[in-house]
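Quick note: the coordinates plus some simple rules give every number you see, no bench work behind them. These numbers were taken from a predicted model, which means no experiment stands behind them. Counting neighbours? That spans all protein chains shown, and the Cβs are built from the backbone with ideal geometry, glycine included.
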Amino acid sequence: MKKITGILFVVGAVVVNIPYALLISNFNYPDILREPAGVVLTKFAEGGSGLIYTWLFFALAGLPLLFATIMLGRLWRNTSNALVSLATTFGVIALVAQLIGLLRWVFVVPILAKNYVASGATEAMQTASTVAFQTVNQFGGVLLGEYVGQLFSIISMFLFSILIYKKKLLKSWVAWLGFLASAVYLLAQTELFHTVIPTFPVVDMAGLVGSILWIVWLICIGVLLIVEKNEAPSDV
């Protein structure tokens, strides 16, 4: 179970970057989200079914991490049951929230994009489509996928790092990497508040650097679970 958990962490952390790279190349993601809604919907419609499949791939690519988080909680449940349960719960909620948030691009945005670029679309229809897109994007993307998803991932990472450090479950530097990643990634939340409070200060690059550190942390945990032979110590 230990090695399988590690493999799932590594596979999930690596695979999730494949559709992300495709979206950067084919959809100018995430920069396109700063464009007017009409531009986003037009670009999305141009992407056709291939773009929808890419978003589906992106959403489902996180499933290995979901299963790995659950399995890690079971693997370490005897070390500090309350802390493990809390870390696992936050991690699962975070990944499910991100999954639901990403699936808006599969089941909701395509309809809005189709209506916006339809040959007989009136100005009123286009306006309605852009307003609906802004609402769905703010709720499914900013609130659910990014705020809840990222914040709960940060909390889960921080709690697991405390567990690793206190119980010496893995190398101590993994815990410190988790603490650093949590702090940097938390600064990315400023950009989310900036979407509703334009004067709110934004910490540039915090989201990119924080997400990279999170991915590296996941891979490190996965690799160590695979290669280390010692079992998690029991709580005494």
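For the Cα atoms of the chain, what angle does the longest principal axis make with the long axis of helix 149-167, in degrees from 0 to 90, nearest 10?
The answer is roughly 10 degrees.
When the Cα centres of the stretch 173-226 and the stretch 111-156 are compared, how far apart do they sit, in Å?
Spelled out, the Cα-based centre of one part sits 24 Å from the other.
Using all alpha carbons of the stretch 122-170, what is the percent of pairwise distances in each 10 Å bin, ordered from the shortest bin to the longest?
Percent of Cα pairs in each bin: 25, 24, 20, 15, 9, 6, 1.
To the nearest 0.05, how large is the calculated FRET efficiency for Val39 and Lys168 if R₀ is 41 Å and r is the Cβ-Cβ distance?
Numbers: r = 52 Å, r/R0 = 1.26.
After rounding to 0.05, the efficiency reads 0.20.
To the nearest whole percent, what portion of all C-alpha pairs in the stretch 111-225 is separated by more than 23 angstrom?
Working: 3092 of 6555 pairs.
Distances greater than 23 Å cover 47 percent of the Cα pairs.
Hey, with R₀ at 41 Å, roughly what FRET efficiency would Phe107 and Lys229 work out to, going by the Cβ-Cβ distance, to 0.05?
Details: r = 45 Å, r/R0 = 1.09.
E between Phe107 and Lys229, to the nearest 0.05, is 0.35.
So what is the calculated 222 nm ellipticity per residue for the chain, using -39500 (n - 2.57) for each DSSP H run with n of 4 or more, over all residues, to the nearest 500 deg cm²/dmol? Don't jump to the answer; show the numbers that get you there.
Numbers: 12 runs with 174 residues, N = 236.
The helix contribution divided over the chain gives -24000 deg cm²/dmol.
Rounding to the nearest 10 and keeping the result within 0 to 90°, find how far the Cα-based axis of helix 63-75 lies from the longest principal axis of the chain.
Around 20 degrees separate the two axes.
Quick one: Debye curve from the C-alpha atoms of the stretch 12-104, no solvent, what's log10 I(q)/I(0) at q = 0.12, 0.23 Å⁻¹?
-0.48, -1.11
For Asn26 and Val203, what does the FRET efficiency come to when R0 = 30 Å and r is the distance between their Cβ atoms, rounded to the nearest 0.05?
On the way: r = 28 Å, r/R0 = 0.94.
Taking R0 as 30 Å, the efficiency between Asn26 and Val203 is 0.60.
Contact order normalised by length for the chain, with contacts defined as Cα pairs under 8 Å and 6 or more residues apart; what percent is it?
Numbers: 309 pairs, mean separation 60.3, N = 236.
After rounding, I find 26 percent.
Helix 81-102 against the longest principal axis of the chain: what's the angle in degrees, Cα atoms only, rounded to the nearest 10?
Once rounded, one gets 20 degrees.
In the Gaussian network model of the chain, springs joining C-alpha atoms below 10 Å, which of Trp214, Trp76, Trp173 carries the largest mean-square fluctuation?
Trp173
Taking 7 Å along the Cα-to-C-beta vector as the label spot, tell me the Leu56-Val196 distance in nanometres, rounded to one decimal.
3.3
Using only alpha carbon pairs under 8 Å that are at least six residues apart, calculate the relative contact order of the stretch 112-208 and give it in whole percent. Numbers along the way, then the final one.
On the way: 73 pairs, mean separation 17.7, N = 97.
18 percent.
Which of Gly38, Thr190, Trp176 sits closest to the plus end of the dipole of the chain, meaning its Cα is farthest towards the positive end, when Lys and Arg get +1 and Asp and Glu get -1 on the C-beta?
Trp176
How high is the relative contact order of the stretch 147-189, given as a whole-number percent (alpha carbon pairs under 8 Å, six or more residues apart)?
Taking the mean separation of contacting Cα pairs over the length of the stretch 147-189, I get 45 percent.
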